[in-house]
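The values are calculated or read from the model by the stated rules, or taken from the named source; none is laboratory data. Keep in mind it's a predicted model, so treat the numbers as computed, not measured. Heads up: the accessible areas ignore ligands, DNA and RNA and are worked out on the full protein's heavy atoms, side chains in. Shrake-Rupley method; radii C 1.70, N 1.55, O 1.52, S 1.80 Å.
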Amino acid sequence: MAEAPHTTTNNNSPTLPVESKANCSSCSNTSIMDEKQTECPICRDKLPFFYNERTPFPCCGVQACKNTCWKGAVIHNVHTKCPVCGTPIPTTNKGMVAQLQANVDKGRAWAQNLMACWHLTGEYGVKRSMSKAVKLYKKAAAQGHADAQCQLGAMYADGNGVPRNYKKAV
């Protein structure tokens, strides 16, 4: 017997399946979430609904609660291995970037999206580069990654790193 999809509620808002519409992490645009994962592998709580409140492990892409479990696992070294795939969690910025880059090189959309974000923010010592971020967002978006599509659309709408183009933004 098939299990019913997990749903998310927000006070008085209607119940939505995980694959339903949600606002992307950096803008108020609505996008389709492509994750099927519904719970954090560390605390087993339901994952936060919005992308900016969760983050994938750079080894396998499994997502964890960003402000609690991820910080405990990585920043405070509570866990030394990924709770899902068992890969050692790097203890240096260089190690984090190398682990993620290996998945970018394999063409994994979640990794391309995350690396693009790191190029925008300079996280983990990645050199800030708008052109690299745009290139990676385009690759992930072409594979149907919803957050990358949203980020790229916002960039086209704002003319941020690309020429302003409202047709491409939509």
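Roughly how many percent of the accessible protein surface of segment 57-134 is carbon and sulfur, given a 1.4 Å probe and a whole-percent answer? Mind dumping the intermediate values first?
Working: 2130 of 3920 Å².
With neighbouring chains kept in place, the figure for segment 57-134 is 54 percent.
Using a 1.4 Å probe, how large is the accessible area of residue 135, given in Å² and rounded to the nearest 10?
Per-residue accessible area (residue 135): approximately 120 Å².
How much length, in nm to one decimal, is gained on full extension between residue 93 and residue 106, taken as 0.36 nm per residue of separation minus their Cα-Cα distance?
Taking residue 93 through residue 106 to full extension adds about 2.7 nm, to one decimal.
Hey, what's segment 32-170 come to in accessible area per residue, 1.4 Å probe, Å²?
Accessible area per residue, segment 32-170: 52 Å².
Within the set 46/135; 106/167; 127/167; 66/127; 71/168; 71/167, which residue pairs have Cα atoms separated by over 27 Å? Don't skip to the answer; put the middle values down first.
Values: 46/135 32 Å; 106/167 30 Å; 127/167 30 Å; 66/127 22 Å; 71/168 36 Å; 71/167 39 Å.
Cα-Cα > 27 Å for 46/135; 106/167; 127/167; 71/168; 71/167; rest within.
Enumerate the calculated ³J(HN,Hα) couplings along segment 157-169 in order (Karplus 6.51 cos²θ - 1.76 cosθ + 1.60, θ = phi - 60°), each rounded to whole Hz, writing x wherever the residue is Gly or Pro.
5, 8, x, 9, x, 9, x, 4, 8, 5, 5, 6, 5
So who's got an amide H within less than 5 Å of the one on residue 64, skipping anything under 5 residues away but keeping other chains? H placed 1.01 Å off N, in plane.
Answer set, sorted by chain and number: 55, 57.
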